[in-house]
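Encoded as C-alpha cells, the structure appears first; notes follow it.
What follows is calculated from the coordinates using simple rules that are stated; it is not laboratory data. Since the model is a prediction, treat every value here as computed from it, not as a measurement. Every residue, glycine as well, gets a Cβ built from its backbone with ideal geometry; the counts of neighbours run over all protein chains shown.
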Amino acid sequence: MTQTPARLLIIGPQGSGKGTQGARIADLLGIPTISTGDVFRANVKDGTELGLKVKALIDAGDLVPDDLTSEIVRDRLAQEDAAEGFLLDGYPRNLGQVGDLDVFLDGRGEPLTAVIELSVPRDESIARLSRRAAEQGRADDNEESIAKRLSIYESETAPILDVYRERGIVDEIDGVGSLDEITERITVALAARGITA
Ligand code: ADP
C-alpha cells in the first residue's frame with residue numbers, strides 16, 4: 001500500500017490516556033506532537049505573557065479563546081519539523097477550532113489523514129484522573145475543574161467527531177488495556193490507512 005502522510009489528531013476525554021498514547025505514536029512515526037495543553041502549561045510555568053493570560057482559565061478548567069489557541073497551533077504547524085507530519089493532542093476541541101484548522105490545512109492542501117478516538121468508560125477515566133492528581137499535582141486536576149473539563153468535552157469536543165466521521169477518517173480505539181496493547185491497537189488502525197513509520 002502506498003504510504004499516507006501522518007497528519008493526525010488524537011482525541012478522547014480527560015483521563016483517556018491521549019497524552020501518553022499520542023506521545024508514543026508520534027515517537028514511533030517520527031513526527032512531532034503538538035499539545036496545546038503542554039504549550040499553555042509551559043508558558044504558565046515560565047511566566048510568559050501568554051502564560052499570564054491563560055493561567056486562570058486553565059486552572060478553572062475553562063477553554064482558552066479560539067483565536068489565541070488557533071494562532072498558536074498555526075505558528076507551530078508552520079515550523080519545519082511539522083512539514084512531513086504531526087500529531088495534534090488537545091486541538092481542535094470545538095467546532096470553531098475545527099473550522100480554523102480546516103482553513104489552515106486546506107490552504108496547504110494537507111488535510112488531516114486520521115483521527116484517533118480513544119474510548120474509555122467514564123468511571124475508568126475519573127479513576128485515572130484522581131491517580132494523576134495525586135502523582136503530578138496539576139493545578140487543574142481538582143474536582144471542580146475536572147467536572148467542568150469533562151462537561152466541556154461532552155458538549156463541545158465530542159461533537160467534532162461527527163464532522164471527522166463524515167470524512168471517514170476516525171478510528172475508534174478501545175482505551176482500556178495495558179499501555180502497549182493500546183499503542184498496538186492504534187498502530188494497527190493507522191497501518192490500515194497506510195500510515196506507518
Ligand atoms: P485535559 O485534556 O486533561 O483537559 P489538556 O492538557 O489537553 O488537558 O488541556 C489543559 C487545559 O488547557 C484545558 O483545560 C484548557 O484550559 C487549555 N486548552 C488546551 N487545549 C485547548 C484548546 N484546544 N482550546 C482551548 N483551550 C485549550
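Sorting Y164, Y91 from the fewest to the most surrounding beta carbons within 10 angstrom yields Y164, Y91.
When you restrict to C-alpha pairs under 8 Å that are six or more residues apart and normalise by the size of the chain, the relative contact order lands at 36 percent. If you take the Cα centroid of the stretch 121-197 and the Cα centroid of the stretch 44-93, the two points sit 18 Å apart.
Can you tell me which of K55, K45, K148 moves the most in a GNM of the chain? Springs connect C-alpha atoms under 10 Å apart. Of K55, K45, K148, the most mobile in the Gaussian network model is K45.
Membrane-span-like helices in the chain (whole DSSP H runs, Cα extent of at least 30 Å along the helix axis, mean Kyte-Doolittle hydropathy of at least -1.0): none found. Averaging 1/r over each pair of different alpha-carbon atoms in the chain and inverting the result gives 17.2 Å, the Kirkwood hydrodynamic radius.
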